Amino acid sequence: MLEEKNDNLHEADGKSGIEINDSVANDAIETSDSETVIQNSDPETENELVNQENAHQEALDVITNSNAAESEDETLKDRHAIPMQDYNTFSLDALVDELKKLVNTDKVMSVKDHIEEIKKAFLLQYHHLLEEKKEEFLASNPDPNEEFEYHLPLKSKFDEYYNVFRDKRNVHFKHLQTNLKSNLENRLAIVEELKELINPQENIKDTLKHFNELRERWKNAGAIPKDKYNHVWNNYHFHVENFYDYLHLDREARDLDFKHNLELKQKIIARVEELVNDADVNKSFRELQDLHRIWKEEIGPVSKEYRDVIWNQFSELTKKIHDKRELLFENQRANEHKNLEVKKEIIAKIETLGSEKVNSHSQWLVQIQKVEDLRNEFFSAGKVPSEVNEETWAAFKTAVRNFNAFKNSFYKDIKKDQNDNLNKKLALVAKAKELQESTDFTATTPVMKQIQEEWKQIGHVPKKYSDKIWKEFKDACNHYFDKLKEHKSEENSEEVAAFDNKKAYLDTLRAFQLTGDHKTDLDAIKAHIETWKGFGKVPFSRRHIEGKFNKILDALFEKLSLSKKESEMMRFANRIDSLSDSNDTRKLDNEKIFIMRKIEEVQNEIFQLENNIQFFTNTKNAKKENSIVTEVRKNIAIHKESLDVWKDKLKQLRNLGQE
C-alpha cells in the first residue's frame, strides 16, 4: 500500500512522493545537491529562506482553512454577500430590526456570524441598561424585601427572533452531520479503490475507464468534515498522481492530460495576477479562495517538470494578495485604535460629569442628558482592539455607574424631603376626611379653609403618590363644601326671598330709561345697584340671576357718557361684590392672580415702548418727531391709562380682604 501524505496543498500538486520509476536516481541526486547547498549556506541565508517559506505557508494556510470550512458547509460562501457591519454602533431598535431581517434568510449558516455579532452587541447594551435601571430602583427603594423587576419589550422581540434562528440552525446542523459522515465514508472508499488500480495485470483501457469513473464519483461525493478535508484531498491527489506516474499508461494520453491541466492552471495564475492589482482586496481574496479550490479539487496534475515551477508561481501570487489583505487588516486595526481614543475621551467626560456638583433638579436634567448623549456617542464610536474591548467596556460602565451613584445621592435627599411632605399631606387628608361629614358649619368651615391653605404651602411629594392623595383630599373638601352649599340653599329662607325680589326687580330694571342727563342717570343706576345689593344673597344654585343683572348694567353703562375707567371700575366693583357675597375665596384668589399678571404685562409693554422712544430721541433727527414716534407716545398713554385701571382693581381687591 502506498504511503498517505500529510495535509498540505503543496504536496497535493505532487511536489514530493514515493518514486518507483526510472527518474528516482536523478531525483535523489537533485535532492542531495539541494541539501548540500543549504548545508553550505551561511546561517543568515538559511534563516531568510525559512522565513520566506513560513510567510508563504501562512498565506496558504489561511486559504486552506477557509476552504476547509466552506467545503464542509457550502452555505458559508454566501456570508460574503452580506456585509458584516459594526453592530456595536447600532441602537437596540436597529439591532432587533437587523436580526429580524437576517433570520428570514433561507441559508442559515450564511448569517450565523452576523447574528452572533448582533447578539453580542444587543446583550452588551441591554445588560448595561439593566444595571442602570437596577441602580435607580435600589436608590429609590431602600426596602430590601422589594424585588427589582424590569421588562423591556425589545428584549422579548430579540429572544423571539433569535430562537427562530437557533431552531433553524439546529435543524441545519443535524442534517449536515448526517451527510458529512456518509460523504466521508464514500470518499475514503474511492481512495481505497484508487490504490487498487495500480495492477499491471489488468487491461490498460479497462483501468482508465475505471479511473475516470472514480474521478466522476469523487466530484459528486459531497462535503466532508473540515478537520478531514486536507488529509482526504491530499491523499486522493497523491494516489491520482501515482496512477499517472507509476503505471505504464499510454504516454500520449497522459501527456495530453498533463498539457490540458497545465493550461488550466496557467489560466488561474493569469487571473490571480489580475487580482493582485484589484482595489477590492476582500473580493480578490474570496475569488482567490475559489481559484485554490478549483486548483486543488477540479484540475488534475501536470508533468513533473512543471509541478514545482507552476506551484511556486501560484503560491507567490497568493502571498501577495495575502499581504495586501494583512495591510487592510492593519489599517482596520489603526481605525480601532482611533476609536479607542474616542471612547477614552468619552469615558473621561462622563467621569468629569460624575464629580460636578449640581444643586437643582433642572440642572441635573441637563447633566443626565449630557451623559445620555455621551452614551450614544460611545456606542456609535465603532470597534476597538479586541484585546482591550473588555477593559474599555468595564471603564465605561464604571464611569456611568459612578455618575448614577452621584446623581442618586442628590435625589435621595430630595426624596427625604418629599417623604416628609407626603406625611404632612397625608395628615391633612386624614383631617379633611374626619371633618367632611361635620354639620357644625360655623366651626368647621374656617378649619377646612385653613387646611386648604396649609396644603398649598407644602412642597412636592413622590410622584407615584401625588395624584392619589390629591384626589382623596379634593374629594373630602368638595364633599364638605357641597354639603355646606346644600345646607345654605335649603335652610336660608332669606336667600330664597332675595332671589324672588331680585327676579321681580329685573323687570323694573329692564323698563328703566335714561333721561339723557349724565348725573341724574348715573345716580339712578347707582341707586338701582344699591337696591339690588339690599335684597341680599341668593341661593347658590340660583346665582345665575346675578349674571342677568350684570348684563343689564353693562347695557346701561354703554349708553352713559362715562369715562372708560369709571365705567370699567363700576362694572368691576359690582362683579367683586357678587364674588364676595358668595364666600368663594378661591375665585377671589384667582381674580387677584390674574390682575397681578396683567399689571406685569402692561408694565413690560410700557417699558419696551419707552425704550423705543429713547432710541428715536438719540438719533440725529430727534427734534423732528415723525408719525411713528407720535403713534408710540399715544400707545404709551393708552397703556398707562390701562395700568391705572388694573392697579385700582388690585387695590379694591386687597381692601376687600382687609374688611
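The values are calculated or read from the model by the stated rules, or taken from the named source; none is laboratory data. Everything quoted here is computed from the prediction, not taken from an experiment. A quick note on method: Cβ atoms are made from the backbone with ideal geometry, for glycine too, and the neighbour counts reach across all protein chains shown. Accessible surface is based on the protein model in full, side chains and every heavy atom, while ligands, DNA and RNA are left aside. Shrake-Rupley method; radii C 1.70, N 1.55, O 1.52, S 1.80 Å.
A few notes on this one:
- Prolate/oblate/rounded label for the stretch 429-551 (Cα gyration tensor, a/c 1.5): prolate
- A probe of 1.4 angstrom, applied to the heavy atoms of all protein chains, finds Val602 with accessible area near 20 square angstrom.
- Pairs beyond 32 Å (Cα-Cα), from Lys415/Lys471; Lys370/Lys424; Lys483/Lys647; Lys181/Lys296: Lys370/Lys424; Lys483/Lys647
- In the stretch 321-384, the trypsin sites (Lys or Arg not before Pro) that fall in loop regions by DSSP, at most 11 other Cβ within 10 Å: Lys357
- Taking every Cα-Cα distance in the stretch 359-455 and sorting them into 5 Å bins starting at zero, the pair-distance distribution P(r) comes out as 2, 10, 13, 12, 9, 8, 8, 7, 7, 6, 5, 4, 3, 3, 1, 1, 0 percent.
- Remark: the Cα gyration tensor places the stretch 263-320 in the prolate category, a/c being 1.5 or greater and a/b exceeding b/c.
- Measuring between their Cα centroids, the stretch 496-525 and the stretch 388-418 lie 73 Å from each other.
- Translational diffusion coefficient of the stretch 214-309 (Stokes-Einstein, Kirkwood radius from Cα pairs, 4 °C, 1.567 mPa s): 86 µm²/s.
- Over the stretch 268-395, the Kirkwood radius and the radius of gyration, each from Cα atoms, give a ratio Rg/Rh of 1.34.
- Extension gain from Leu560 to Ile294, taking 0.36 nm per residue of separation minus the Cα-Cα distance: 84.7 nm
- Residues of the stretch 159-298: accessible area per residue with a 1.4 Å probe, Å²: 56
- Residue by residue, the stretch 454-466 carries 3J(HN,Hα) couplings of 4, 4, 5, 7, 7, x, 5, 10, x, 4, 6, 9, 4 Hz when phi is fed to the Karplus relation 6.51 cos²θ - 1.76 cosθ + 1.60 (θ = phi - 60°); x denotes Gly or Pro.
- Portion, in percent, of the accessible area of the stretch 168-226 that falls on carbon or sulfur, probe 1.4 Å: 50
- Peptides 310-322, 504-516, 589-601, 394-406, ordered by how many other C-beta atoms sit within 10 Å of their residues on average, highest first, read 310-322, 394-406, 589-601, 504-516.
- Among the listed pairs Lys425/Lys587; Lys324/Lys349; Lys219/Lys283; Lys120/Lys320, those beyond 31 Å (Cα-Cα): Lys324/Lys349; Lys120/Lys320
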